[in-house]
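The values are calculated or read from the model by the stated rules, or taken from the named source; none is laboratory data. Nothing here was measured: the structure is a model prediction, and the numbers come from that model. For neighbour counting, all protein chains shown are included, and Cβ atoms are generated from backbone atoms with ideal geometry for every residue, glycine included. SASA here: full protein model, heavy atoms, side chains in, ligands and nucleic acids out. Shrake-Rupley method; radii C 1.70, N 1.55, O 1.52, S 1.80 Å.
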Amino acid sequence: EARSLNLSNCVAIVSYEILRQQQFNDLATSEVIKGEDFLFEESEGDSVILNVIDESYWTSQGSTIWTILDDVPSVSEQDFEVTVSKLAGTSEAGYGIVFGVTESNYLKSMLIFLINVNGEYALGELKGTEFKYFQRWKKLDCINQGYNINNTLRVSYENKYRYSFYINDNHVQYLYSPSYHGHLEGKNGYIAVISPKDRLPDESVTVKYKLN
């Protein structure tokens with residue numbers, strides 16, 4: 001029986017710092033709620049597919065698309081583990097998971113765990129349209145490179161002082177800081193970056209996610 005994820009679909013243009021550029025001053029700060037025009041769709045085997053072909057989601061600064069999983073427990077309650085693979089789109093553009101999503105004064109805040117097809121990962125925090133790295137893009141041997149290749153991302157909250165991040169069961173980083181405890185009860189979800197190098201609508205950006 002397929003598991004219903006009750007996807008909350010939304011699109012927002014956020015800092016392209018996620019993909020190595022920074023300090024764009026003309027970023028949109030409001031979200032466009034997609035309603036029934038879902039970008040994330042449930043697929044076979046409890047998977048979810050993000051398939052973007054509409055060129056309106058492309059900008060010269062890049063854009064980022066995420067969805068929130070309403071019925072998934074917060075990281076404070078249990079590990080958040082997702083298997084991801086990219087089927088189409090530029091290789092350096094990140095995709096992965098978000099967790100601890102909260103909202104204050106209509107601006108969302110979340111922690112972001114990304115990988116790319118080239119075998120790199122990055123970690124950071126998004127507040128409104130400002131992105132702050134905890135880990136800039138770094139290549140790791142434990143990341144399986146290539147298109148349509150699975151990698152499993154996991155975030156765990158081990159105690160009062162740190163988050164732990166894993167890729168394919170390999171521990172890659174801790175995040176120590178009581179200042180991020182506000183994310184503990186937030187929601188989790190999926191994310192992908194649309195790069196200025198993507199060629200919408202001639203070529204799609206397609207990413208597959210499976211909640212474990």
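For the range 84-102, which residues satisfy the criterion of being open to solvent by 10 Å² or more (accessible area, probe 1.4 Å) and either modelled with pLDDT under 85 or in a strand (DSSP E or B) (or both)?
Residues of the range 84-102 open to solvent by 10 Å² or more (accessible area, probe 1.4 Å): 87-92, 101-102.
The answer is L87, A88, V101, T102.
Scanning for something outside any loop (DSSP other than H, G, I, E, B) and either in contact (Cβ under 8 Å) with a residue 12 or more places away in the chain or open to solvent by 40 Å² or more (accessible area, probe 1.4 Å) (or both), does the range 195-204 turn up at least one residue? It would help to see each step written out before you state the result.
Keep residues of the range 195-204 that are outside any loop (DSSP other than H, G, I, E, B), which gives none.
Within the range 195-204, none of the residues are outside any loop (DSSP other than H, G, I, E, B) and either in contact (Cβ under 8 Å) with a residue 12 or more places away in the chain or open to solvent by 40 Å² or more (accessible area, probe 1.4 Å) (or both).
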(request) Consider N105 carefully, then state whether it is open to solvent by 30 Å² or more (accessible area, probe 1.4 Å), more than 25 Å from S156 (Cβ to Cβ) and modelled with pLDDT of 90 or more. (result) no
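With the requirement that a residue be within 15 Å of the chain's Cα centre (by Cα) and acidic (D, E), what does the range 98-126 give you?
First, the residues of the range 98-126 that are within 15 Å of the chain's Cα centre (by Cα): 98-102, 108-117, 120-126.
Result: E120, E125.
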(request) Pairs only if they're at least six apart or on different chains, beta carbon under 9 angstrom, first in the range 66-84 and more than 18 Å from I191 (Cβ to Cβ), second in a loop (DSSP other than H, G, I, E, B) and of a type in the set (D, E); list them, first residue then second. (result) S76/E185; E77/E185
(request) Identify all residues within the range 156-172 that are modelled with pLDDT of 95 or more and not aromatic (F, W, Y); write none if there are none. (result) I167, N168, D169, N170, H171, V172
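Of the residues that make up the range 111-127, is at least one open to solvent by 60 Å² or more (accessible area, probe 1.4 Å) and either touching a helix residue (DSSP H, G or I) at 6+ places or on another chain (Cβ under 8 Å) or without any contact (Cβ under 8 Å) to a residue 40 or more places away in the chain (or both)? Reasoning before the result, please.
Here is the first cut: in the range 111-127, the ones open to solvent by 60 Å² or more (accessible area, probe 1.4 Å) are 127.
Narrowing further to those that are either touching a helix residue (DSSP H, G or I) at 6+ places or on another chain (Cβ under 8 Å) or without any contact (Cβ under 8 Å) to a residue 40 or more places away in the chain (or both): 127.
Yes.
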(message) So H171 ticks every box in (1) assigned to a loop (DSSP other than H, G, I, E, B); (2) farther than 22 Å from W66 by Cα but one. Which box is left unticked?
(response) (1)
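Taking into account only those residues within the range 69-83 that are in a strand (DSSP E or B) and not aromatic (F, W, Y), which is modelled with the lowest pLDDT?
Filtering the range 69-83 for residues in a strand (DSSP E or B) gives 69, 80-83.
Add one more test, that the residue is not aromatic (F, W, Y), and what stays is 69, 81-83.
Values: L69: 87, E81: 97, V82: 97, T83: 98.
Looking at residues that are in a strand (DSSP E or B) and not aromatic (F, W, Y), I get L69.
Pick from the range 176-194 the residues that are in a strand (DSSP E or B) and open to solvent by 20 Å² or more (accessible area, probe 1.4 Å): which of them is modelled with the lowest pLDDT?
Filtering the range 176-194 down to residues in a strand (DSSP E or B) leaves 176, 187-194.
When the remaining residues are screened for being open to solvent by 20 Å² or more (accessible area, probe 1.4 Å), the result is 176, 187.
Details: Y176: 82, K187: 88.
Selected residue: Y176.
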(request) Kindly establish whether N144 is on the phi < 0 side of the Ramachandran plot and either in contact with a Pro (Cβ under 9 Å, 6 or more places away or on another chain) or not in a strand (DSSP E or B) (or both). (result) yes
(request) For the range 136-174, name all the residues that are open to solvent by less than 40 Å² (accessible area, probe 1.4 Å) and over 27 Å from T90 (Cα atoms). (result) S156, Y163, S164
